[in-house]
Every structure is written in C-alpha cells, then in structure tokens.
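In what follows, a single structure is set out as structure tokens and then discussed.
Derivation of every value follows stated rules applied to the coordinates shown; laboratory data play no part. Keep in mind that what you see is a predicted model, and the values were worked out from it rather than measured. With ideal geometry, Cβ positions are generated from the backbone for all residues, glycine too; neighbour counts draw on all protein chains shown.
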Amino acid sequence: MSVIVGRALPDVRDGLKPVHRRVLYAMNVLGNDWNKAYKKSARVVGDVIGKYNPHGDLAVYNTIVRMAQPFSLRYMLVDGQGNFGSIDGDSAAAMR
C-alpha cells in the first residue's frame, strides 16, 4: 500500500511526483537549460525510460506535456516549443 500511495501522491517537500522528479533530473543531465537550444521531446523521453523510469513512453510524454502547460500547474516547469495543448481541451501534438 505504501508504494501505491508514494507514487500517487505528490511529495510534501516540493509537490512533485516521482515521475516529475525523474523527468526534471534527466533534463538537467541532458543540459536543458534556459539559455541552450531546445531538444526534441523524444530524446528526453528516451533518456527517462532508459535510465530512470521503467514505464511506457506515453506516461512520460504526458508528464512533460503537463509540466509545459501554463494552465496545468501553478508554475510552468518545462519551457515547451510547439503544440502542448490548450485549456479548451485540445490535445498536445505527437511526440517527435
């Protein structure tokens, strides 16, 4: 039961779930900084799946999309370039 609760609920310290933390760490290791060029989301998803997260690519991509939407979280954690959906219910573009 503790594993299920630990994965489903955000951490009290920073409000991030483990998959959010893994994605942000992988992006930091890749060198995705505010002053560098954009990297394709498939590259980030591949690194997260290969090194840190044993789940499917769709869950990781949906996490990146949610962190890039300014209306989903209080603070936008990922600066996405391209179509990441809208508040009206339009879905994000396919992973490339």
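Springs join every pair of Cα atoms under 10 Å in this Gaussian network model of the chain, and among GLY80, GLY46, GLY15 the largest mean-square fluctuation is at GLY15. Taking only Cα atoms and a 10 Å spring cutoff, compute GNM fluctuations for the chain and point out the largest among ARG43, ARG13, ARG22. Ranking ARG43, ARG13, ARG22 by mean-square fluctuation puts ARG13 first. Could you point to the residue in PRO10, VAL29, PHE71 farthest towards the positive end of the chain's charge dipole, with +1 and -1 charges on the Cβ of Lys/Arg and Asp/Glu respectively? It is VAL29.
Which of the chymotrypsin sites (Phe, Trp or Tyr not before Pro) found in the stretch 13-96 are loop residues per DSSP with 11 or fewer other Cβ atoms within 10 Å of their Cβ?
Details: sites: TYR25, TRP34, TYR38, TYR52, TYR61, PHE71, TYR75, PHE84; in loops: TRP34, TYR38, PHE71, TYR75, PHE84.
When the chymotrypsin sites (Phe, Trp or Tyr not before Pro) of the stretch 13-96 are filtered for loop state and at most 11 Cβ neighbours within 10 Å, TRP34, TYR38, PHE71, TYR75 remain.
The GNM of the chain, with springs linking C-alpha atoms under 10 angstrom apart, assigns the highest mean-square fluctuation among ASP33, ASP14, ASP79 to ASP14.
Annotation for LEU9 and ARG96: the two label points, set 7 Å from Cα along the Cα-Cβ direction, are 4.1 nm apart. Taking R0 as 35 Å, what's the FRET efficiency between PHE71 and VAL29 from their Cβ-Cβ distance, rounded to 0.05? For PHE71 and VAL29, the calculated efficiency is 0.80.
For HIS55 and ILE87, the difference between the fully extended length at 0.36 nm per residue and the C-alpha to C-alpha distance is 8.8 nm. Of all aspartates and glutamates in the structure, those lying under 16 Å Cα to Cα from LYS40, and not within fewer than 8 positions of it along the same chain, are ASP57, ASP79.
Measuring max minus min along each principal axis, the C-alpha atoms of the chain give extents of 39, 32, 24 Å (largest first).
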